[in-house]
1. So Asn220 clears everything in (1) crowded, with 22+ Cβ neighbours inside 10 Å; (2) part of a loop (DSSP other than H, G, I, E, B); (3) touching a strand residue (DSSP E or B) at 6+ places or on another chain (Cβ under 6 Å) except one condition, right? Which one?
2. Does Gly24 satisfy being closer than 20 Å to Val120 by Cα and crowded, with 23+ Cβ neighbours inside 10 Å?
3. How about segment 169-209: which of its residues are under 18 Å from the mean Cα position of the chain (by Cα), in a loop (DSSP other than H, G, I, E, B) and within 14 Å of the ligand (Cβ to nearest atom)?
4. Show the residue pairs that are 6+ apart or on different chains and have beta-carbon atoms under 7 Å apart, the first residue being within segment 173-186 and more than 21 Å from Lys305 (Cα to Cα), the second being away from the ligand (no atom under 13 Å from the Cβ) and of a type in the set (A, V, I, L, M).
5. Look at Thr110 and say whether it is over 25 Å from Gln309 (Cβ atoms), in contact with an Asp or Glu (Cβ under 8 Å, 6 or more places away or on another chain) and more than 13 Å from the ligand (Cβ to nearest atom).
6. Suppose the filter is at pLDDT 95 or above, in a helix (DSSP H, G or I), more than 20 Å from the chain's Cα centre (by Cα) and among the charged types (D, E, K, R); does Lys288 pass it?
7. Return the total of residues in segment 87-116 being open to solvent by 40 Å² or more (accessible area, probe 1.4 Å) and either on the phi > 0 side of the Ramachandran plot or not in a helix (DSSP H, G or I) (or both).
8. Please determine, by comparing only the residues of segment 152-168 that are open to solvent by 20 Å² or more (accessible area, probe 1.4 Å) and within 15 Å of the ligand (Cβ to nearest atom), which one is farthest from the chain's Cα centre (by Cα).
Amino acid sequence: MAILLPGGAGYIGSHTAIELLNAGKKIIIIDNFSNSKPEIIEKIKQITGKNLKFYELDYLNKDGLEKVFEENKIDAVINFAGYKAVGESVQEPLKYYHNNVAGAVTLLETMAKYNVKNFVFSSSATVYGNPEIIPITEECKTGGTTNPYGTTKLFIEQILQDLYKSDNSWNICILRYFNPVGAHESGLIGEEPNGVPNNLMPYIVRVAKGELKELSVFGNDYNTQDGTGVRDYIHVVDLAKGHVNAIQKLEKEKSGIYIYNLGTGKGYSVLDMVKAFEKATGRKVPYKIAPRRAGDIPTCYADPKKAKQELNWQATKTLEDMCMDSWNYINQN
Ligand code: WQD
């Protein structure tokens, strides 16, 4: 029995593929390389010394997807195939609703047809909008997303709830990621944003490397410890391991719908991140204070207790690991 990973060559998918292979699972990746490269598949094999099956395929291609289910004994699906650029989603909302929402529906229809009902979904803390309480528990109200990317995550969560209500033999785990950063310690895989990065860590790394002049800190007048935005940064390898625990949970439960925050429970400000990065790498990160960025919230960090109790998972890597591994990756590539 194998686990199918649509989008398994992407940033979080590739790190999860490694952790699943290391845990002795058989995996099949499908990816259309819209935001990744074929060599990632080879690197996953190189890092783990294990083999995997790969199809170059868009998960919206229903016939192609059905062929994958025909040719393999698939037990569970972890869906990483989604676009994730917040700004682009504002410019091109239909592209996001089509790929993320229609893609997920196509995948779920195909799963239902082949009676595969174990599903792990990559959701995001963005579904909480501007959170009511901090730290954020899974019971906090969702909604009020500030961009189409976030709304696709919210819609897919609702689709999964409706699906489970209609047929409670489904076994679904929704993982709400906080802010994934870092890279595999081998330096072979990591995050490769196209063009000028939007997210903080990839931007810091490029400033430290001298490829960008300085970091713009978006606002220093928030109600936070130093006025800059606070987030829950989580090492991508910790996050990847959370998916192995989610699969183990589904193996144990047989049916149900479960939701977990995957975060560290610690909030760091933008300036904390700059300082931590400088300390870990010995490189300077020049910055200037700039106006607030539209759609940003002041503070967002997880209460990760539920994942600890029910998944037996918690993040173990430090902020220093996150900085070092992000830096190593960019220097090796
Ligand atoms: C973090 C903090 C910025 C860049 C986004 C998505 C979310 C998730 C992760 C992914 C904020 C500040 C940033 C810069 C800055 N999705 N910042 N200067 O906005 O928390 O979350 O990425 O696939 O859904 O919304 O992450 O890294 O963009 O920002 O000052 O150049 O860094 O204002 O306080 P965010 P981020």
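1. (1)
2. no
3. Residues satisfying the conditions are Phe178, Gly182, Glu191, Glu192, Pro193, Asn194, Pro197, Asn198, Asn199.
4. Gly182/Val237; Ala183/Ile189; His184/Ile18; His184/Ile47; His184/Val237; Ser186/Ile47
5. So Thr110 passes the test.
6. Numbers: at pLDDT 95 or above: yes; in a helix (DSSP H, G or I): no; more than 20 Å from the chain's Cα centre (by Cα): yes; among the charged types (D, E, K, R): yes.
No.
7. Qualifying residue count, segment 87-116: 3.
8. Per the criteria, the residue is Phe155.
The values are calculated or read from the model by the stated rules, or taken from the named source; none is laboratory data. The structure displayed is predicted, hence computed values, not measured ones. Every residue, glycine among them, receives a Cβ derived from its backbone with ideal geometry; neighbour counts consider all protein chains shown. Accessible surface is based on the protein model in full, side chains and every heavy atom, while ligands, DNA and RNA are left aside. Shrake-Rupley method; radii C 1.70, N 1.55, O 1.52, S 1.80 Å.
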